[in-house]
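Below you'll find the structure, written out as C-alpha cells, and then a few comments.
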Amino acid sequence: MSEDKYRHRYYYKESYEAAIGTFAVAIVFLFVAILSLFFLRFGISFIGLAGWGYWLFIPAFFIFLGGFEQLYRNYKYKQVVKNAVAQRNFQGTYKLEHIALEIGMKPSILLRVLLDLRNQGFLKYSFDPDSGQIILGQPIKYTPATEYVPPPKKIDEALPSEGKNFCVYCGQKLESSGNFCPNCGSRL
C-alpha cells in the first residue's frame, strides 16, 4: 500500500472531542428554563423570564442529544482503535500513519484516542525516540521535568528544544537523546 495513493483516505469525518462542554451548555439552558418556571409560579418579573424562559427546555433537549451523540462517537472511535491494536496482539512497533490509514482515521485523531485509552489504562505504549514509531505493549511512566512550562494552546511553529532534557510539548524527562518524545511522540 503506497502512502501517496491513500494520503487522503480518511473515513471518519466527525470530530473526537470531550462532550463535557456540550453537557455544561445544556445544563445552563435547563437551569434557566426551570428558573423561569419558578418565576412564573411566584410571579417574579426578571427580564421577562417568566414569559419566555420555559421555551429553553427545547434547545436543552437537543443539546443533551448532541452531547450523547458525541459520547457515542467517542466510544466508537475507541472501539475501532482497540480492535486495531488487538489485531496486532497489543505488541510490536508500528508507524502511526499506517495504523491510521488502516482504520480510516486522521493520525492526529488517532493520537488523541490512543492517549485517552492509555490514560484510562486500556493500552500500554510508548514511542521510539529515534524513529517516532509507536511501540505497543511497552509502558511508559510520565516523569515531569521541574522546569517544564506548558506551551500555549495554539502553536504556529515548532518549539525550540535544543539544550533541554525534557519534551517541550508534554514535559516528559528525557533519559537519552533522540528525535522524538517517548511519551507523546512529538518531534524534538
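Summed over region 73-89, the residues that are loosely packed, with under 11 Cβ neighbours inside 10 Å and aromatic (Phe, Trp, Tyr) give a count of 1. If you check Ala100, Ala84 for being farther than 19 Å from Ser186 by Cα and either at pLDDT below 90 or in contact with a helix residue (DSSP H, G or I) (Cβ under 7 Å, 6 or more places away or on another chain) (or both), only one passes: Ala84.
So that you can scan it fast, the table gives a plain yes or no per residue for (1) over 30 Å from Pro107 (Cα atoms); (2) of a type in the set (A, V, I, L, M):
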| position | (1), (2) |
| --- | --- |
| Ala33 | yes, yes |
| Ser36 | yes, no |
| Gly53 | yes, no |
| Leu56 | yes, yes |
| Gly67 | no, no |
| Gln70 | no, no |
| Tyr77 | no, no |
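Taking Asp128, is it of a type in the set (D, E, K, R) and over 22 Å from Tyr16 (Cβ atoms)? Answer is yes for this residue. Got at least one residue in region 41-51 being loosely packed, with under 15 Cβ neighbours inside 10 Å, assigned to a helix (DSSP H, G or I) and touching a residue at least 24 places away in the same chain (Cβ under 8 Å)? No, region 41-51 contains no residue that is loosely packed, with under 15 Cβ neighbours inside 10 Å, assigned to a helix (DSSP H, G or I) and touching a residue at least 24 places away in the same chain (Cβ under 8 Å).
Listed here are the residues, each with its yes/no results for (1) touching a residue at least 24 places away in the same chain (Cβ under 8 Å); (2) closer than 16 Å to Tyr16 by Cα; (3) among the aromatic types (Phe, Trp, Tyr).
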{"position": "Phe38", "(1), (2), (3)": "no, no, yes"}
{"position": "Gly53", "(1), (2), (3)": "no, no, no"}
{"position": "Pro59", "(1), (2), (3)": "yes, no, no"}
{"position": "Gly67", "(1), (2), (3)": "yes, yes, no"}
{"position": "Gln70", "(1), (2), (3)": "yes, yes, no"}
{"position": "Lys95", "(1), (2), (3)": "yes, no, no"}
{"position": "Lys106", "(1), (2), (3)": "yes, yes, no"}
{"position": "Lys141", "(1), (2), (3)": "no, no, no"}
{"position": "Thr146", "(1), (2), (3)": "no, no, no"}
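Restricting attention to region 128-151, which residues are at pLDDT below 85 and in contact with a Leu (Cβ under 8 Å, 6 or more places away or on another chain)? Once the filter is applied, which keeps residues that are at pLDDT below 85 and in contact with a Leu (Cβ under 8 Å, 6 or more places away or on another chain), region 128-151 yields only Pro151. Of the candidates Lys141, Lys164, Lys153, the single residue that is at negative phi, under 15 Å from the mean Cα position of the chain (by Cα), among the basic types (Lys, Arg) and assigned to a loop (DSSP other than H, G, I, E, B) is Lys153.
Count of region 81-110 residues, restricted to those that are closer than 21 Å to Phe127 by Cβ and part of a helix (DSSP H, G or I), is 18.
Per-residue answers, yes or no, for (1) within 17 Å of Pro182 (Cα to Cα); (2) surrounded by fewer than 16 Cβ atoms within 10 Å (Cβ to Cβ); (3) of a type in the set (S, T, N, Q):
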position: Lys95; (1), (2), (3): yes, yes, no
position: Ile99; (1), (2), (3): no, no, no
position: Ile109; (1), (2), (3): no, no, no
position: Ser126; (1), (2), (3): yes, no, yes
position: Pro129; (1), (2), (3): yes, no, no
position: Tyr148; (1), (2), (3): yes, no, no
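In region 7-28, the qualifying residues are those that are surrounded by 15 or more Cβ atoms within 10 Å (Cβ to Cβ) and at pLDDT below 85, and the one that is farthest from Tyr72 (Cα to Cα) is Tyr10. Annotation: Gln133 fulfils all but one of (1) loosely packed, with under 14 Cβ neighbours inside 10 Å; (2) of a type outside the set (Lys, Arg); (3) touching a residue at least 40 places away in the same chain (Cβ under 8 Å); the unmet one is (1).
Given the options Ser176, Ser126, name the one that is out of contact with any Gly (no Cβ under 8 Å at 6 or more places or on another chain) and in a loop (DSSP other than H, G, I, E, B).
On the way: Ser126 fails: in a loop (DSSP other than H, G, I, E, B).
Sole residue among the options that is out of contact with any Gly (no Cβ under 8 Å at 6 or more places or on another chain) and in a loop (DSSP other than H, G, I, E, B): Ser176.
The values are calculated or read from the model by the stated rules, or taken from the named source; none is laboratory data. From a predicted model like this one, the values you see are computed outputs, not experimental measurements. A quick note on method: Cβ atoms are made from the backbone with ideal geometry, for glycine too, and the neighbour counts reach across all protein chains shown.
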